[in-house]
Amino acid sequence: MTHLIARFLTIVAAFALITTAFAGATAFAAEDQDGSGAVYTQTNAASGNAVLAFRRADDGTLTAAGSYPTGGLGSGVGLGSQGAVTLSQNGRWLFVVDAGSSDIATFAVGDGALTLVGRTASGGTNPISVTTSGKTVYALNAGAPANVSGFSIGHEGDLSPIVGSTRTLSGSGPAEVSFTSSGRALVVTMKASSTISTIAVDEDGVAGAPHSYASSGSTPFGFAAGRHGEIFVTEAAGAPAGLSATSSYRIANDGTLTLVSPSVGTTQMAACWAAVSKDGRFVYTANAASDSISLYAVDRDGAITLSEGQAAYAAGTHPLDLAMSENGRFLYVLQSFTHSIGAYRVAADGSLTAVAGATNILMGAGGLAAR
């Protein structure tokens, strides 16, 4: 009997050990699935564009995960835009502008890999930015005359032009197109004419007539859409003494633009790209000429206050596009002069701590997206 009891206890102990190990492995897998993701940019090469993918670890660090040709052509020069690489809201599709061949490439996002779905003519020439909301995609074409053009997303990720969606824009120097949080309005910044265009979008995805507004400050460039109809617009030359600024606005579903915070200075030079935290409480700007990132706090009414002029600084990097990870824990930045992607951990107060990014990137300043 004693022998049988001892054997039974041994079996129970072994089972408990196996159960504990399995539970630990399951917890680790869940943690990894929750914390990991990917970051994407494009080479923008005139000889053949490609997406560069990087796997994001739990701690935010990046490792190369492959190069995926779009089948189209890049421009070979800096696009001077924000949003050249964009993920769909459900994370299933990645859209990339082929500025040199005037089309939009679509990739299916799988576990650790991308699969090219196809390419679709962009509805104009020289596409430089693309945005999505639900099953709708809009491309910004910078070729004369500049326009926006809309597409619907099919079940397999294929794009179909939306009849009547192409709208010619006034102003000059288009820089970015983006939906507002409601998906019922589009915004386009025009950096050369210092204007902002807004366009209402109906429930079928058809864009209405564009309306043009004067920017609060000069050279409105990139911008980020907030959670409640706000947009936060960088102004590369929007402050005195050659410095830059950021302004915030509210946009109604009919496209009406209302200024909230006019030209709040960064204390830095050439703020051109912007990102907003997932909870909507913070805005970041990439200041290309100062090698820095600025941090703003966002009030409930969409007003912004500068928290740190230099929330991050990396000498000689010339930061461009910004992208926030889907879990909101990490901020990534294209660093064009050092051919790298900088990576930062985001604290509860919005402050940034550098972690290892990615280096030796062949790129032509062409967009950044993260999940």
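The values are calculated or read from the model by the stated rules, or taken from the named source; none is laboratory data. In this text the structure is predicted, and so the values were computed from the model without any measurement. Cβ coordinates were reconstructed from backbone atoms using ideal geometry, including for glycine residues, and neighbour counts include every protein chain displayed.
Observations on the structure shown:
- Residues of segment 336-371 classified as under 13 Å from Q42 (Cα atoms) and surrounded by 18 or more Cβ atoms within 10 Å (Cβ to Cβ), total: 12
Yes or no, residue by residue, for (1) within 30 Å of A236 (Cα to Cα); (2) in contact with a Lys or Arg (Cβ under 7 Å, 6 or more places away or on another chain); (3) at pLDDT below 95:
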{"residue": "R7", "(1), (2), (3)": "no, no, yes"}
{"residue": "G35", "(1), (2), (3)": "no, no, yes"}
{"residue": "G83", "(1), (2), (3)": "yes, no, no"}
{"residue": "L87", "(1), (2), (3)": "yes, yes, no"}
{"residue": "L94", "(1), (2), (3)": "yes, no, no"}
{"residue": "G100", "(1), (2), (3)": "yes, no, no"}
{"residue": "G110", "(1), (2), (3)": "no, no, yes"}
{"residue": "T115", "(1), (2), (3)": "no, no, no"}
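- Residues of segment 272-301 classified as under 15 Å from Q335 (Cβ atoms), outside any strand (DSSP E or B) and hydroxyl-bearing (S, T, Y), total: 1
- Some residue of segment 259-269 being crowded, with 22+ Cβ neighbours inside 10 Å and touching a helix residue (DSSP H, G or I) at 6+ places or on another chain (Cβ under 7 Å): yes
- Among the residues of segment 230-246, those identified as modelled with pLDDT of 95 or more and either under 15 Å from W273 (Cβ atoms) or in a loop (DSSP other than H, G, I, E, B) (or both) are I231, F232, V233, T234, E235, A236, S244, A245, T246.
- Flag for A192 being over 21 Å from the mean Cα position of the chain (by Cα), at pLDDT below 95 and either in a strand (DSSP E or B) or of a type in the set (A, V, I, L, M, F, W, C) (or both): no
- Subset of segment 247-258 that is in a strand (DSSP E or B) and aliphatic (A, V, I, L, M) - its residue that is surrounded by the most Cβ atoms within 10 Å (Cβ to Cβ): I251
- Members of segment 337-368 that are in contact with an Asp or Glu (Cβ under 9 Å, 6 or more places away or on another chain), not in a loop (DSSP other than H, G, I, E, B) and not aromatic (F, W, Y): R345, L352, V355, A356, L368
- Failed item, numbered, when S182 is tested on (1) in a strand (DSSP E or B); (2) under 20 Å from the mean Cα position of the chain (by Cα); (3) under 21 Å from W93 (Cα atoms): (1)
- Residues considered: G226, G222. Of these, the only one that is within 19 Å of the chain's Cα centre (by Cα), buried (at least 24 other Cβ atoms within 10 Å of the Cβ) and either assigned by TED's automatic domain parsing to the domain that holds M324 or not charged (D, E, K, R) (or both) is G222.
- Residue in segment 199-206 that is crowded, with 24+ Cβ neighbours inside 10 Å, under 22 Å from the mean Cα position of the chain (by Cα) and either of a type in the set (F, W, Y) or not assigned by TED's automatic domain parsing to the domain that holds D299 (or both) present: no
- Residues that are of a type in the set (D, E) and either more than 18 Å from G367 (Cβ to Cβ) or touching a His at 6+ places or on another chain (Cβ under 8 Å) (or both), drawn from segment 98-155: D111
- Looking only at segment 302-332, residues that are touching a residue at least 24 places away in the same chain (Cβ under 8 Å), closer than 13 Å to T353 by Cα and either assigned to a strand (DSSP E or B) or not assigned by TED's automatic domain parsing to the domain that holds A224 (or both) come to 6 in all.
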